[in-house]
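Reviewing the structure listed below.
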Amino acid sequence: MSTTKGERREWLARSREAINQLPLNELFELPGRPHVVYQIRSYANTGSSLAEAASQARSDMPFLFKAFETGQIGPKRMAKMHGGKPRVATIHEYLDWTITAQSSTEDDELDFGGFRVVVILPRYVSPWPYPGDPGNCEGKKAHPDLGGPLPPFPLLQTHGRPMCAATIRSGPGYLEVPFVATQEHKRGKGYCRCLVEAIEEIARALKLEKLMLCSTNDPIVKSTWHHLNFDFASEEEMEAWDIPHADLVYLQNTTQMHKVLPPPGQYRPIVIKHKDFKQRTYARLDPVVKRPRLHTAPPKKNPPKKPAMGKGPPASAAAPTMSTEPPNSQPSKGPPQQQPPHQHAQQEAMPSCQAHSGASLGREDTGAESRDGEEVLLGSTGGHAGFSRGRESVIEE
């Protein structure tokens, strides 16, 4: 590839046009994640000016800006400190330029053109659809390579604001992901993993091979990305891939990471039916590869509490401890302890990511039949249809 700035910039601009073929503002389902949908948005033309477009994005996804701007000097204060002289850009300006996809006009300017925003939204399914409900019908696939293998059923709907968001841009052989954030009260619940799966699906649709992620140097954040199968990209690897930092949105005090796209998961469609309720979901057949988190800091050990005077055991008595029997020791005799029926059902149920949205059917109320390669689960009148209401389906494969 030519190293002249003008030719390279034109080459990058052509590669970044690939993402323009993806439909905007359409809802897509994630196989195996029936409680969420994802959407691709563009804020490049949402207002008559950069300020209006950025204001709209800040109103839709305040958590994305708060995650990076908290504790940082804003542009007004930075300009006042420099007295109107040339200065470095702030993180506030980087976010505005990235989300609104501001293209450069000069070779020496930073180019933020071609960016899109991917958001994770809560999916809504009516738990008690009435006969002839227009929302209780099969939808259409907005893109052949995005969403589930089959058309969604029922129609994809959402009833909330974005819970997780990321900025993405296509490049020559990779998908760039500089900013990722999740709502504070939604963290630790797997929504970022759903977002990564959506980004991987988009990259496959664009025939790209890897993800390029910009991570902060915080040990916990880097450990999270490593847990999601991202690896650190060395300078030698970046040079071998012909990806200089100037081609990416590269920030100070950050670490460049990458992930080679895994093959798409294998799923089996399942239709859950109960009276007028019907929903198509998917059960994953191949195992999900997970890696342990990086070692960040040793867990703190709480010192043992001293018993109060006159209330503790005598000095000769041994304090109660956890069982230290060897593995081959004989178990204690006696009848086995019976678990409550609801606990037994939850243990044999599918993972919550796969069975979160089905009709809450008891095992004795579940029947299965096959139609066109799908497994259809039928519920009797004793079942309850629900979605995302704290009830999990008991599904036997």
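The values are calculated or read from the model by the stated rules, or taken from the named source; none is laboratory data. Nothing here was measured: the structure is a model prediction, and the numbers come from that model. Here Cβ is always computed from backbone atoms with ideal geometry, including for glycine, and neighbour counts include all displayed protein chains. Accessible surface is based on the protein model in full, side chains and every heavy atom, while ligands, DNA and RNA are left aside. Shrake-Rupley method; radii C 1.70, N 1.55, O 1.52, S 1.80 Å.
A few notes on this one:
- Close amide H pairs (under 5 Å, H built 1.01 Å from N) link G171 with E176, residues at least 5 positions away or on another chain.
- Using the Karplus relation 6.51 cos²θ - 1.76 cosθ + 1.60 with θ = phi - 60°, the per-residue 3J(HN,Hα) values for region 228-242 come to 8, 6, 8, 10, 6, 9, 7, 5, 5, 5, 4, 5, 5, 7, 6 Hz, with x marking Gly and Pro.
- Relative contact order for region 5-284, counting Cα pairs under 8 Å that sit 6 or more residues apart, in percent: 20 percent
- Note on Q266 and R14: with the Förster distance fixed at 35 Å, the Cβ-Cβ geometry gives a FRET efficiency of about 0.55.
- Fraction of accessible area attributable to carbon and sulfur, region 5-284 (%, probe 1.4 Å): 51 percent
- Amide hydrogen proximity for Y282: with H placed 1.01 Å from N in the peptide plane, the residues at 5 or more positions away or on another chain lying under 5 Å are G32, I270.
- Residue order by solvent-accessible surface for H159, H35 is H159, H35, largest first, with ligands and nucleic acids left out and a 1.4 Å probe.
- Between region 150-185 and region 1-71, the Cα center-to-center distance that results, in Å: 10 Å
- Shape box of region 5-284 [Cα atoms, principal axes, largest first, Å]: 69, 40, 36
- In nm, spacing of pseudo-spin labels at R161 and E52 (7 Å Cα→C-beta vector): 2.2 nm
- Other-chain or far-sequence residues with amide H under 5 Å of S104's (modelled H): F112, G113
- Summing +1 for each Lys or Arg and -1 for each Asp or Glu among the other residues whose beta-carbon sits under 13 angstrom from that of Q256 gives -4.
- Subset of K141/K207; K76/K189; K140/K278 violating a 26 Å alpha-carbon distance limit: K76/K189
- Kirkwood Rh and Cα Rg combined as Rg over Rh, evaluated for region 31-115: 1.05
- Sites C137 and L110, calculated FRET efficiency, Cβ-Cβ separation with R0 35 Å, nearest 0.05: 0.15
- For region 5-284: accessible area per residue (Å², 1.4 Å): 47 Å²
- With the simple spin-label model, which puts each label point 7 Å out from Cα in the Cβ direction, the E69 to H227 separation comes to 2.8 nm.
- Candidate residues C137, C214: accessible-area rank, largest first, probe 1.4 Å: C137, C214
- Normalised contact order of region 115-205, rounded percent, pairs of Cα under 8 Å and 6 or more residues apart: 34 percent
- Gain in span if fully extended, D276 to M78, counting 0.36 nm per residue against the direct Cα distance: 65.3 nm
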